[in-house]
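A short write-up of the structure that comes next.
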Amino acid sequence: MNANDEFRPPVPPFTRETAIQKVRMAEDAWNSCDPLRVALDYSIDSQWRSRVEFPRGREAIISFLTRKWVREQGFRMIKELWAYENSRIAVRLAYEWHDYTGNWFRSYGNENWEFDANGLMQKRFVSINDMPIKESERKFHWPQGRRPDDHPELSELGL
């Protein structure tokens with residue numbers, strides 16, 4: 001199979017239900033902290049803007065995520081649908097992580113996504129701010145990996 005044959009449902013145009021499904025699938029992939037798994041959700045020539053980095057293509061995305069998860073340890077993320085239309089989805093997110101010295105942070109952000117006809121994300125623009133928190137202020141306590149289905153969403157947590 002070549003890159004043009006890749007298919008990652010649900011595909012545009014999105015409904016509310018399929019947009020929510022796409023957001024949860026992305027959250028699950030990111031919570032795996034597996035750069036290869038995450039990269040497969042993006043088109044081969046995907047364009048990103050993440051803070052001050054501008055990865056282009058899967059290899060750059062894999063490199064970016066590998067560096068990210070060395071620095072951001074104990075990573076746990078929640079993504080929540082904000083808006084959708086046709087081939088675009090807007091998401092708000094929060095994630096908690098600690099650095100190598102044990103300092104905890106909660107990062108807040110917004111993502112804008114654009115998908116190709118096969119359901120692969122071709123553009124991802126994200127803005128993120130990091131807030132230092134005490135370990136006692138953490139809200140994401142599930143074991144590393146997929147967020148449990150019964151864990152509160154960002155809105156329910158007041159985030």
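General remarks:
- Scanning segment 69-118 for residues that are touching a strand residue (DSSP E or B) at 6+ places or on another chain (Cβ under 8 Å), of a type in the set (Lys, Arg) and not in a strand (DSSP E or B) yields nothing.
- All of ASP149, ASP130 fail the test of being at pLDDT 95 or above and under 30 Å from PRO12 (Cβ atoms), apart from ASP149.
- Within segment 119-159, the set of residues being exposed (fewer than 14 other Cβ atoms within 10 Å of the Cβ) and assigned to a helix (DSSP H, G or I) comprises GLU135, SER136, GLU137, SER155, GLU156, LEU157.
The values are calculated or read from the model by the stated rules, or taken from the named source; none is laboratory data. From a predicted model like this one, the values you see are computed outputs, not experimental measurements. Positions of Cβ are backbone-derived with ideal geometry, glycine not excepted, and every protein chain shown enters the neighbour counts.
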